[in-house]
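Here the structure comes first, spelled out in structure tokens, and everything after it is commentary.
The values are calculated or read from the model by the stated rules, or taken from the named source; none is laboratory data. Remember, predicted model here, so these are calculated numbers, not experimental data. Here the Cβ is made from the backbone with ideal geometry for all residues, glycine too, and neighbour counts use every protein chain on show. Heads up: the accessible areas ignore ligands, DNA and RNA and are worked out on the full protein's heavy atoms, side chains in. Shrake-Rupley method; radii C 1.70, N 1.55, O 1.52, S 1.80 Å.
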Amino acid sequence: MTAQLLTFYLFSGVILISSLMVISTKNPVHSVLFLILSFLNAAGLFVILHAEFLAMILIIVYVGAVAVLFLFVVMMLDFKTSINKDNILQYIPIGILIGVVFITELIIVLINTKFDLSNIQVLPNPLSDFTGKSNTEAIGSVLYTDYILYFQLSGVILLVAMIGSIVLTLREREGVKRQVVSEQLQRQGKIDLVDVKPGKGVDI
Amino acid sequence: MINLVQTYFIEVMTIILYCLLIFVPLLLGVVMALYADRKIWAAVQKRRGPNVVGPYGLFQVPADGLKFIFKEIILPDGSDKTVFLIAPIITLALSIAAWAVVPVQAGVVLANINVGILYIFAISSLGVYGILMAGWSSNSKYPFFGALRSAAQMVSYEVSIGFVIITVLLCVGSLNLTEIVMAQKTMWFFIPLFPMFIVFFISALAETNRPPFDLPEAESELVAGYQTEYSGMPFVLFMFGEYINILLMCAMTTILFLGGWLPPIDIYPLNAVPGFVWFLLKVTFVFYLFAMVKAFVPRYRYDQLMRLGWKVFLPLSLFAVVATSSILFFFNLAPGM
């Protein structure tokens, strides 16, 4: 138990510190790297919760794919000119406004919620029994049966976003030579390999 | 606190011992792989390869390592020094970390976790950060181009590797690496899934930046790619990380398609041989294929590389996922059904 607690404090401590560093470092690339560090430690927290499938998916999807593209874009920014200390002050009012709204919402939620266990309602559709099933099996058995609609919907939304961004950035450039592999392969029969005898040459 | 130490001291010590048991053979394996790589390459080109240091040139790689240790570590002036030094460490650490779940024999594995294959996939998808960080922090154009190329290449081929892994998982019904091997007791998966075996092998070449896909360090265009500015120990860390990754990919091919530690036929003289010997033999064989490809295939052009990844392998592996699951479903072969 103690070891679990220690690892929990380690992971959450690193998450807190690295999240702070994300917003406080001057260099955007360092910010992204600290963001990745906090993602990794969040995956560690999932492992402590025995949700190893979620932990691995978090690493594969967020760290392995999304954050790579993030880093890709940020790396190409010319951040040496874009950082200006005077600019930071002008965002403070908006920041304070968002903070105040968020804290008010939290307070409202906390006041209205009664921490009373007898008040908790039983779900209309309780989840099926997961005993003896591994993490992956349990998620799969619910995700592809009871929640198939939401799963498909999120898939469609992602597809629309992908097609949209491709359509927006697609442009036809003129004068670009492209390799057409099928054309190259079709040339195969039209080429003759001739064994040229010395001193004789070939007929054309 | 004393209680805590008493409870966990022995446990931690055993884990450290196991880690050493993985790490030391792995280092030895990397040294042998480097030597074999150069020897095979030389043999294909009718050269002798390393043959001066030690018997048959066996000590060439340790000698090279020694040379690198005594070289000066040059930190480029405009570089981001922290990131510059962290990048090789990340590459090496990640490549070693993935070996924690690789089973060498039935039950001989450091961490026999439920999501073993996903763990390896996750760790190898992190490997791109070492390269990206190295390329960006060097503050020089060739490493930067190399890093961009490498990141795009690794992300592209990861997609098809993921789908190939899914086709194997469909036939196994578990994410555990030991169970994946045990499912091949009747037939190794490279027979029914032969096209996927080929796709996986080629994607593994691209994923580890091996020739013919070594565009990130294409010396004719980019000097040495992302490691241009590295020297001394950091360079060695990169090289070791790269070769440990290559060995990992060989081990993955062995586990997914060539039946891991299982003997070819389950009869007396063959199944009396300990499993790890078979495992080592198969990994060596796959590495031999890697080395041969390096020796006789010319380097791809970058647009051809992208075309192969996105327009050939991705549709092929997607189709294979659908086809495999349909066949397993209609003939009632799917495990756990």
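Annotations
- Checked against the criterion of being farther than 26 Å from A:Ile23 by Cβ and modelled with pLDDT of 70 or more, the range A:114-126 has no qualifying residue.
- Checking each residue in the range B:121-148 for being under 16 Å from B:Val223 (Cα atoms) and among the small types (Gly, Ala, Ser) picks out B:Ala134, B:Gly135, B:Ser138, B:Ser140, B:Gly146, B:Ala147.
This table checks each residue for (1) assigned to a helix (DSSP H, G or I); (2) without any contact (Cβ under 8 Å) to a residue 24 or more places away in the chain.
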{"site": "B:Leu248", "(1), (2)": "yes, no"}
{"site": "B:Leu262", "(1), (2)": "no, no"}
{"site": "B:Pro269", "(1), (2)": "yes, yes"}
{"site": "B:Phe279", "(1), (2)": "yes, no"}
{"site": "B:Ala291", "(1), (2)": "yes, no"}
{"site": "B:Arg299", "(1), (2)": "no, no"}
{"site": "B:Trp310", "(1), (2)": "yes, no"}
{"site": "B:Ser325", "(1), (2)": "yes, no"}
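- Options B:Lys67, B:Lys71; residue that is open to solvent by 50 Å² or more (accessible area, probe 1.4 Å), part of a helix (DSSP H, G or I) and of a type in the set (Lys, Arg): B:Lys67
- Residue check, B:Leu270 buried (at least 20 other Cβ atoms within 10 Å of the Cβ) and at negative phi: no
- Within the range B:131-143, if we keep just the residues that are of a type outside the set (Lys, Arg) and open to solvent by 50 Å² or more (accessible area, probe 1.4 Å), the residue that is nearest to the other protein chains (Cβ to nearest Cβ) turns out to be B:Asn139.
- Among the conditions (1) within 30 Å of B:Pro195 (Cα to Cα); (2) within 16 Å of the chain's Cα centre (by Cα), the only one that B:Gly130 does not satisfy is (1).
- Screening B:Phe200 with (1) more than 14 Å from chain A (Cβ to nearest Cβ); (2) open to solvent by 10 Å² or more (accessible area, probe 1.4 Å); (3) aromatic (Phe, Trp, Tyr) gives one miss only, at (2).
Conditions tested, residue by residue: (1) in a loop (DSSP other than H, G, I, E, B); (2) surrounded by fewer than 22 Cβ atoms within 10 Å (Cβ to Cβ); (3) within 12 Å of chain A (Cβ to nearest Cβ).
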{"site": "B:Ile113", "(1), (2), (3)": "yes, yes, yes"}
{"site": "B:Leu118", "(1), (2), (3)": "no, no, yes"}
{"site": "B:Tyr129", "(1), (2), (3)": "no, no, yes"}
{"site": "B:Gly146", "(1), (2), (3)": "no, no, no"}
{"site": "B:Ala151", "(1), (2), (3)": "no, no, yes"}
{"site": "B:Glu158", "(1), (2), (3)": "no, no, yes"}
{"site": "B:Gly162", "(1), (2), (3)": "no, yes, yes"}
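- Taken together, the residues in the range B:167-181 that are within 22 Å of the chain's Cα centre (by Cα), farther than 16 Å from B:Pro264 by Cβ and more than 14 Å from chain A (Cβ to nearest Cβ) amount to 2.
- Count of the range A:55-74 residues, restricted to those that are in contact (Cβ under 8 Å) with a residue 24 or more places away in the chain and more than 10 Å from chain B (Cβ to nearest Cβ), is 1.
- Looking only at residues of the range B:218-244 that are of a type in the set (S, T, N, Q) and within 19 Å of B:Leu148 (Cα to Cα), we find that the one that is most open to solvent (accessible area, probe 1.4 Å) is B:Ser220.
- Test: A:Ala42 is of a type outside the set (Val, Ile, Thr), more than 10 Å from chain B (Cβ to nearest Cβ) and more than 18 Å from B:Ser150 (Cβ to Cβ): yes
- Of the candidates A:Leu185, A:Leu158, A:Leu168, the single residue that is in a helix (DSSP H, G or I) and surrounded by 10 or more Cβ atoms within 10 Å (Cβ to Cβ) is A:Leu158.
- Looking only at the range B:22-46, residues that are within 19 Å of the chain's Cα centre (by Cα) and open to solvent by 60 Å² or more (accessible area, probe 1.4 Å) come to 6 in all.
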